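A short worksheet on the structure shown next.
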């Protein structure tokens, strides 16, 4: 069955039937040499820029609120990220060697049609985390607007209480979401410079933010000195949850 032309995202599949396009299209074929523009340091920059984020800070802060001391929460994140990094490197090795994408790799384990399961699962989780990241980014937009004009803080709310949000935060979310679509438009091999710049700017910004919080709090405050409040079986349960979340 020939699908409408607007259905196809690339020239390779536009002259193929739906079944043929499922087997072969621009995203499924091995990455040719002309598109292999990422070097080792580009991947280092990508993961460095990705690991320093507000989500990680929120994980640690939530574990501290849950009863762990700061160093216990910090240790959980390190252990959790180390475990995840091992499997990321392991699963990404086949793509690095054969230059094939995740859907193609999945077919070798789950079969042609069985690969739908991991691909859809990966796509669903990507949507969830993109939503989380976009909402956090929207909060940053709100903070910027509040810093520029204090009147934005009192923006009238036109959303119902059942929405669990307000017009001010929702506008910030939409603005950040729209701006994030710009780099997504370009092919991955063409935006490597973005992650290189981010790997430089983000650590500097994180250190600056850390210094600002110390100045604002007039020191480290009681959080650094307070011990964990969980003991015995409850403490180990919290460790397990902390490592799993991180």
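Laboratory data are not the source of any read-out in this text; all were calculated from the coordinates shown. This is a predicted model, so every value here is computed, not measured. We place every Cβ from the backbone using ideal geometry, glycine too, and count neighbours over all the protein chains shown.
Taking the Cα centroid of region 189-215 and of region 112-165, what is the distance between the two, rounded to the nearest whole Å?
First find each Cα centre; the distance between them is then 21 Å.
Sorted from fewest to most neighbouring beta carbons within 10 Å, what does the list 26, 32, 72 look like? Please report the intermediate quantities before stating the final value.
Numbers: 26 13, 32 8, 72 19.
With the fewest neighbours first, 26, 32, 72 line up as 32, 26, 72.
Sort 99, 225 so that the residue with the fewest other Cβ atoms within 10 Å of its own Cβ comes first and the one with the most comes last.
225, 99
Tell me, 125, 58 in order of fewest to most beta-carbon neighbours within 10 Å?
With the fewest neighbours first, 125, 58 line up as 125, 58.
Quick one: P(r) of region 31-245 from all Cα-Cα pairs, 10 Å bins, percents rounded to integers, in order of increasing distance.
For region 31-245, the binned pair fractions read 7, 21, 32, 27, 12, 2 percent.
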